[in-house]
Every structure is written in structure tokens, then in C-alpha cells.
1. Please work out if PHE168 is aromatic (Phe, Trp, Tyr), in contact with a Leu (Cβ under 6 Å, 6 or more places away or on another chain) and at pLDDT 95 or above.
2. Select from the stretch 109-118 the residues that are assigned to a strand (DSSP E or B) and in contact with a helix residue (DSSP H, G or I) (Cβ under 9 Å, 6 or more places away or on another chain) and write down the one among them that is surrounded by the fewest Cβ atoms within 10 Å (Cβ to Cβ).
3. Six or more apart or on different chains, Cβ atoms under 9 Å: show the pairs whose first residue is in the stretch 150-179 and over 20 Å from GLY214 (Cα atoms) and whose second is in a helix (DSSP H, G or I) and among the hydroxyl-bearing types (Ser, Thr, Tyr).
4. When the residues of the stretch 61-92 are narrowed to those that are without any contact (Cβ under 8 Å) to a residue 60 or more places away in the chain and polar (S, T, N, Q), which ends up farthest from ASP14 (Cα to Cα)?
5. Suppose we filter VAL71, VAL76 for residues that are at negative phi and either charged (D, E, K, R) or open to solvent by 50 Å² or more (accessible area, probe 1.4 Å) (or both); which single one remains?
6. Output the helices (runs of 4 or more DSSP H) that fall wholly within the stretch 183-288 and possess 1 or more residues being crowded, with 18+ Cβ neighbours inside 10 Å and modelled with pLDDT of 95 or more, or say none.
7. Among the candidates LEU160, LEU140, single out the residue that is open to solvent by 10 Å² or more (accessible area, probe 1.4 Å), among the aliphatic types (A, V, I, L, M) and in contact with a strand residue (DSSP E or B) (Cβ under 6 Å, 6 or more places away or on another chain).
8. Condition first: under 22 Å from the mean Cα position of the chain (by Cα), within 23 Å of SER98 (Cβ to Cβ) and without any contact (Cβ under 8 Å) to a residue 60 or more places away in the chain. Can you find one or more residues in the stretch 1-13 that meet it?
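The values are calculated or read from the model by the stated rules, or taken from the named source; none is laboratory data. These figures come from a predicted structure and were not determined experimentally. Heads up, the Cβs are rebuilt from the backbone with ideal geometry, glycines too, and the neighbour counts pull from every protein chain shown. Ligands, DNA and RNA are excluded from the accessible area calculation, which covers all protein heavy atoms including side chains. Shrake-Rupley method; radii C 1.70, N 1.55, O 1.52, S 1.80 Å.
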Amino acid sequence: MKLLVTDIVKETDDALSVCFKNGNIFNKLKYKPGQFLTIHVPIKGQIYKRAYSFSSSPYIDRDLKITIKRVDKGLVSNFVHDNLKVGDKLEVDKPMGSFFVEPKKGEAKTYVFFAGGSGITPIFSIIQSILVKEVDSKVLLFYANQTLSSIIFAEDIRQLSNIYPDQFKVEHIVSDLNLRAENYHQGFLSDAILTSVFSKHKLEFDNHVYMVCGPFGYMEKVKELLNLNGITREKIKVEVFKLPMVKVTGKDLLSNVTIKIKDQSYGIKVRGDKSILQQAMSENIAIPYSCRSGMCSTCKATCVSGDIKMVEGHILEQSEVDQGKILTCVSYPESESVVIEF
């Protein structure tokens with residue numbers, strides 16, 4: 001399915017939102033708040049697929065919106081920022097992702113969100129949806145950024161807090177802060193900030209809905225702080241935007257990886273610091289993928305033999321991992337030979 005670009009909105013110096021017309025009356029994309037859209041971007045004769053979270057809400061926005069932050073040396077993000085224009089059409093895959101909320105009328109929950117940088121994107125979609133669809137629920141947002149100018153959706157968030165003063169509260173954590181305001185905190189998220197904010201809003205550390213999205217290190221810190229206050233990791237839903245660098249046991253490891261898909265078999269050599277999907281893509285081997293961050297299971301395969309290391313934070317259940325299931329986008333070889341099957 002191809003979508004027409006109807007608008008491009010500059011959110012910050014390095015983040016923009018791309019708005020699409022959502023098909024036609026008979027052929028509209030359906031998505032859940034927090035899910036992502038995979039776009040196909042043609043660059044110099046090749047098609048590159050990238051997944052970006054919806055920042056629009058399916059309950060209040062007629063058209064679609066994804067928000068893209070420029071990444072240093074990021075091929076697709078830089079192309080979008082520098083070349084995409086209104087009137088262009090992009091091929092897309094169906095919306096996917098397990099990091100979502102389906103608000104229900106009559107529910108009365110407390111949602112506590114932690115966003116870091118561009119990790120606000122899916123959370124913003126979820127918050128908007130809860131405020132209009134699940135009106136008896138409360139929302140508390142912790143939003144961490146480096147500077148005031150890097151806060152994506154800053155004005156939209158301020159307006160929401162004014163429109164829904166009883167439902168929605170936001171606390172900004174800004175590393176480089178030159179502003180004095182009640183809901184702004186200088187530095188980094190800490191236990192002191194976390195506990196003082198909970199006290200300020202008369203919240204106990206309880207069975208609320210906890211959701212975290214942002215860089216891997218930020219999410220690990222949030223989980224650590226919540227754990228200090230009795231919220232175990234299985235009670236926290238996460239969405240990984242930027243995966244950590246993977247440390248490999250053998251710096252010079254070059255693994256012989258056999259990929260079996262349908263009735264075909266491919267042999268490739270994969271360095272220990274390169275994901276199996278990344279190397280397969282570079283050799284034009286057509287294996288399924290979408291998000292490239294371990295969040296959608298499109299690239300799920302079975303490790304038949306050999307050892308691999310899978311980055312933490314992926315979507316698979318431990319029972320699947322125990323059965324040898326892997327996500328090739330976040331899987332790195334740790335033995336001299338590996339065999340996987342789709």
C-alpha cells in the first residue's frame with residue numbers, strides 16, 4: 001500500500017513529523033496507539049525499510065503521522081529530513097508492534113510513562129488516546145531530554161496538560177536546564193526525583209500501568225529505579241528505540257552462518273559484532289524483517305545449532321527463547337558456526 005505525504009512538520013531542530021493521507025474510505029490503515037509503521041524509502045535505486053512510531057492517535061486524527069529524529073550517519077533519517085516532500089508517495093507495511101494500549105471506556109487506571117528523547121513518539125500517541133477514550137484514567141508522564149529546545153511536542157504536551165488538568169500531569173527532566181518551573185527538574189532521573197514526584201501527585205508505587213520508551217541505557221535506569229521501589233521488571237512494558245552496542249567475547253570472531261528459509265539455503269560470514277539480519281541484508285538475502293529493534297517478531301527464526309547472543313529488551317517470551325527462537329535483528333553469533341531456520 002502506498003501513502004501520500006500531505007504535510008511535513010518541523011518539531012525540533014532534528015525531529016520532524018511526516019503526515020500521510022490514510023488511504024481512502026474503503027482502504028484505511030488501522031493501528032493501535034503506540035504501534036509503528038514501516039516505510040519503504042527509495043535511495044539511489046535501492047529500497048530501505050525503517051520502522052517509525054505513530055505520533056497520531058487513531059481516535060482523534062483522521063490522517064496518519066509518524067515522527068522521525070535525524071540520526072548521525074543515519075541513511076534513511078537523513079534522507080527523509082533532506083529530501084522527502086509533500087506530494088511524495090511511500091510504500092508501507094501494515095502497522096505492527098506490541099507496545100500499545102487499547103483504551104476502554106469505563107476503565108479507571110493510572111498510567112505512568114517514562115519517555116527519553118524521541119521515545120516520546122509512541123507514548124504521545126497513547127496519551128492522546130487515553131485522554132479522549134478512557135476519561136476516568138489518570139496519566140503521569142516523566143519526559144527526559146538534554147535541553148529545552150530538544151523537547152519534541154513541547155507545545156502539544158503543554159496544551160494537553162491545560163486541557164486535561166485533572167487527568168494529565170507531566171514532569172520534565174532536562175540535563176541542561178536554565179528554567180525555574182514546578183514541573184521541571186535539572187539533571188537526570190534519580191530516585192530522589194522519582195519519589196518526590198510520586199509524593200507530589202499523591203501516588204503510591206502500586207500496580208499502575210508502567211511503560212518506558214527511549215534509549216536502552218535510559219530504560220535500564222528507569223527499570224532499576226522502579227525496582228528499588230518495589231516495581232519488578234515484568235510489570236514494566238518497554239519499547240527499545242536505540243539498542244546498546246553489543247560486547248562480543250571474540251573480537252575477531254567470523255562465524256559461518258547458514259540461513260535456511262523455505263527451500264533455500266544461504267551461507268554467509270558474520271562478524272561477532274554484526275547482527276545476522278544486518279549481514280544478510282548487506283548480501284541481498286531476502287529474509288523477513290520490519291522494526292529492526294526486536295519489537296515485532298517479523299524476523300523470528302530458530303537457532304538449530306551454534307551459539308548466538310540476543311540483545312536484552314526484545315519481545316520474545318522466555319519460553320520461546322528456551323525453544324531456540326531468536327530475532328535475527330538483535331542476534332549476534334558467538335560460535336564459529338551457526339545454523340538458523342525460518
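1. Numbers: aromatic (Phe, Trp, Tyr): yes; in contact with a Leu (Cβ under 6 Å, 6 or more places away or on another chain): yes; at pLDDT 95 or above: yes.
Taking the combined requirement at face value, the residue satisfies it.
2. Taking the stretch 109-118 and keeping what is assigned to a strand (DSSP E or B), we get 110-116.
From what's left, in contact with a helix residue (DSSP H, G or I) (Cβ under 9 Å, 6 or more places away or on another chain): 111-116.
Working: TYR111: 22, VAL112: 25, PHE113: 25, PHE114: 28, ALA115: 30, GLY116: 26.
Among those residues, the one meeting the criterion is TYR111.
3. Once the first residue is over 20 Å from GLY214 (Cα atoms) and sits in the stretch 150-179, its partners that are in a helix (DSSP H, G or I) and among the hydroxyl-bearing types (Ser, Thr, Tyr) give PHE168/SER161.
4. Once the filter is applied, the top-ranked residue is ASN83.
5. VAL71
6. Details: elements: 191-200, 216-228, 276-282.
Because the criterion is at least 1 residues that are crowded, with 18+ Cβ neighbours inside 10 Å and modelled with pLDDT of 95 or more, the helices (runs of 4 or more DSSP H) in the stretch 183-288 that meet it are 191-200, 216-228.
7. So the residue among LEU160, LEU140 that is open to solvent by 10 Å² or more (accessible area, probe 1.4 Å), among the aliphatic types (A, V, I, L, M) and in contact with a strand residue (DSSP E or B) (Cβ under 6 Å, 6 or more places away or on another chain) is LEU160.
8. Looking through the stretch 1-13, none of the residues is under 22 Å from the mean Cα position of the chain (by Cα), within 23 Å of SER98 (Cβ to Cβ) and without any contact (Cβ under 8 Å) to a residue 60 or more places away in the chain.
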